[in-house]
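Worksheet: the structure to be examined is printed underneath.
The values are calculated or read from the model by the stated rules, or taken from the named source; none is laboratory data. The model shown is predicted, which means the values in this text are computed figures rather than measured ones. Here the Cβ positions follow ideal geometry from the backbone for every residue, glycine too, while neighbour counts run over all protein chains shown. Remember, those area values only see protein heavy atoms, side chains included, never the ligands or the DNA or RNA. Shrake-Rupley method; radii C 1.70, N 1.55, O 1.52, S 1.80 Å.
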Amino acid sequence: MGDMTNEKQAPESSVLQLIRQQQQDNDGLQNKDIGQALLMAGFLADTKFIDFVDARLPKTGKTDKIVLSHGQVLAILLVVLFSGQYRSLLSLQGKLSKLAIHGLLGLAPEIRIEDISRDVCSFSLDVLWEYGCAQLFEEYGAAVYKQYNLGECTEAHLDSTNYITYHSESPADLAETPEDAAEIAAQDPDEVEILERVSSTTSEGATSRKEPRLTYGKSKDGHHELALVSVYNFCDGHTGIPLLSVVKDGNASDKTVFAELAKTVLPALQKYFSSLKYLVADSAFCTEESFKNTIAAGVHVVTRMPDSFTVTKQVMDKYPDPYSLEPIYDEGEWHQAHGKTSEVPRGLILKGLSMWGLPLTGLLVFNPNLKQTKGKTLNKRATKEKEALAKAVKHKFKCEADAQQYIHDLEKSAKYCTITDVEYKLIEVNERKGAPSKDPAKNKKKLKEVRTSANVCLDLEKIEELVQSECYYLLVTTDVERHWSKAELLECYKRNSVVENLWRHSKNKRLFLSRFFFKSEHRVETILWLVHVGLIAFTVMENLIQRAALADELHMPDQEHRSIMKKPTCTRVIDYLKDFGPSLRIDSSGIGKVVNITNVTVELCQCLGETWLQLLLEHRYTVPQNLVPNLSLNRVPTGITC
């Protein structure tokens, strides 16, 4: 073979020459994303979030080097969180460099991405925690509810969930670049906290407020081996908008916390929502303290009575045949809305009930349509219990009495299974060490251990009874003066699902957080505050979007782009903006051009409001050449007030 270095280089093809020319023409151009960040940025601007926060969290002390206000920092974190940028604060600047963050939030062009450091974000999160996450959430939520004229809030729905923590022996494993890993590794491990790719270092100085403890407890997600925190949310029953969010210890008891919240939180909610009349919760709310605290606040209770309560058993015994009850809804209307295969729920209004000396009105409900879903849930639990018991029955003990007591305890704890054919195998050994004696009388035996074994099988009759009980239940209310119809009371309780929908959205990885990694507990509450403020924006915008779709003012295509959705969700809108949302193109002279603006995007911004439309204007994203630097960024609070 000849010397290749002496050969002449082949001329570039015409296609390659064109590409080279395009590279030169595009030199200096920048592309930045707007996409779904348009939604959160518009909401924050419309509610004047930055001014609202700055009025309550002013910059104090030695913060001259920090050019951003606390409201601006929290707004930046919300836009990043809501735009699907699941990264830690260590890589926050890299993600911000791809977003048109200055134009979206109206930040001064002098603010550099380097100014939005993780130390700055950590400081603002600490200031938020000192002020009180629940207090600021309550104030902002009430102001938002009032601003958008969402009607009177007559029902507050209460429920709880857990957020699971995942311990990491090596936080650097969570970094996405070698630089991030090196920066994490250089820190003190006790000062690192990573929450579903949103992380921050702990602040200096102790705090006087009590932190929610990350502890082991009964996980609602089934991960009992992991530490967790408990979160309690109040939501409006008609719009689903969160009214208040409270973070508690991971092992907090719902019954205890519910009674506490009824005493402390309800008066605070009534300060902002004077029309609040009903507190709706599940059966964990059924304690004497919870009921009396709620009534003392001037609010009525709507809840489900536990099946184990005497009043429930007495009612069930009196009406053993659920099909003897009357239909709750008109059969024609029900079949038109739910199909002919769906059975009409049956019910009976019961007057004269009482509990803890309190008069109650009840509704005995039978909904056979729940059999399928409840059956699946209970069978799944039963299968898990069977697998656990099958392992547990194989055990070793020092004596037979301990073994029998152990099996007895297992039988009592089994909810869906039965334990049969129990065997106790006695393992004996010679008392005397060494070789056995030729004299059999001297070869005495002693008990070494008792090994247990048994068969575990599903108790199908018990499972069927449990499924039936899930379909046949008793609702009660303390409002005995109102002339309830069966449908009114049932629909009031069923709207408690708005809180469950909130949890589902908050744990959607595409939207917010589903889990978090941590090394310290300090900033868990503030990160969850960001998530729940994002949920306020999510639910408000979904209400506005569905109103517009109902009025034929928004024509959002479905996933396959085959038809127009009659009731589009905010999740669908986010997916659309991810794929077809606008973006920003900036030339070398700093002139910004917003591209990819579709008709659907314009309709969407129109139905949300003028503020969202303004985010599509190109002048917001152009850097003025003669701008006078203004690094103080002092803002006059002009936002919404409670």
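If residue 340 passes every condition in (1) of a type in the set (D, E, K, R); (2) outside any strand (DSSP E or B); (3) closer than 18 Å to residue 478 by Cβ but one, which one does it miss?
The one condition residue 340 does not meet is (3).
Can you confirm whether residue 542 is among the charged types (D, E, K, R), at pLDDT 90 or above and in contact with a helix residue (DSSP H, G or I) (Cβ under 6 Å, 6 or more places away or on another chain)?
Spelling it out, residue 542 is indeed among the charged types (D, E, K, R), at pLDDT 90 or above and in contact with a helix residue (DSSP H, G or I) (Cβ under 6 Å, 6 or more places away or on another chain).
Please enumerate the residues belonging to region 545-575 that are open to solvent by less than 20 Å² (accessible area, probe 1.4 Å) and in contact with a Cys (Cβ under 9 Å, 6 or more places away or on another chain).
Of everything in region 545-575, those that are open to solvent by less than 20 Å² (accessible area, probe 1.4 Å) and in contact with a Cys (Cβ under 9 Å, 6 or more places away or on another chain) turn out to be 545, 548, 549, 554.
When only residues in region 571-613 that are without any contact (Cβ under 8 Å) to a residue 40 or more places away in the chain and of a type in the set (A, V, I, L, M, F, W, C) count, which is nearest to residue 148 (Cα to Cα)?
613
Per-residue answers, yes or no, for (1) within 19 Å of residue 146 (Cβ to Cβ); (2) part of a helix (DSSP H, G or I):
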residue	(1), (2)
239	yes, no
246	no, no
250	no, no
267	yes, yes
294	no, yes
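Would you check if there is a residue in region 299-308 being in a helix (DSSP H, G or I), modelled with pLDDT under 90 and surrounded by fewer than 12 Cβ atoms within 10 Å (Cβ to Cβ)?
Checking region 299-308: not a single residue is in a helix (DSSP H, G or I), modelled with pLDDT under 90 and surrounded by fewer than 12 Cβ atoms within 10 Å (Cβ to Cβ).
Hey, which of the helices (runs of 4 or more DSSP H) in region 110-210, taking only ones fully inside, have at least 3 residues that are at pLDDT below 80?
Those helices (runs of 4 or more DSSP H) span 178-185.
Restricting to region 494-518, what's the tally of residues that are modelled with pLDDT under 60 and either among the β-branched types (Val, Ile, Thr) or buried (at least 19 other Cβ atoms within 10 Å of the Cβ) (or both)?
5
Mind counting the residues in region 6-64 that are polar (S, T, N, Q), modelled with pLDDT of 70 or more and either closer than 23 Å to residue 583 by Cβ or touching a Phe, Trp or Tyr at 6+ places or on another chain (Cβ under 7 Å) (or both)?
Result for region 6-64: 3.
Examine region 478-487 for a residue that is over 36 Å from the mean Cα position of the chain (by Cα) and among the charged types (D, E, K, R), and state whether such a residue exists.
Yes.
Under 6 Å between Cβ atoms, at least 6 apart or on separate chains: pull out the pairs that start in region 138-157 with a residue that is of a type outside the set (A, V, I, L, M, F, W, C) and end on any residue that is open to solvent by 40 Å² or more (accessible area, probe 1.4 Å).
Matching pairs, first to second residue: 139/642; 154/277.
Within region 469-481, track down each residue that is out of contact with any strand residue (DSSP E or B) (no Cβ under 8 Å at 6 or more places or on another chain) and either in contact (Cβ under 8 Å) with a residue 40 or more places away in the chain or hydrophobic (A, V, I, L, M, F, W, C) (or both).
Those that are out of contact with any strand residue (DSSP E or B) (no Cβ under 8 Å at 6 or more places or on another chain) and either in contact (Cβ under 8 Å) with a residue 40 or more places away in the chain or hydrophobic (A, V, I, L, M, F, W, C) (or both): 469, 470.
Being of a type in the set (Asp, Glu) and modelled with pLDDT under 90 is true for just one of 439, 409, 421, 402. Which residue is that? Explain how you work it out, then say what you get.
On the way: 409 fails: modelled with pLDDT under 90; 421 fails: modelled with pLDDT under 90; 402 fails: modelled with pLDDT under 90.
So the residue among 439, 409, 421, 402 that is of a type in the set (Asp, Glu) and modelled with pLDDT under 90 is 439.
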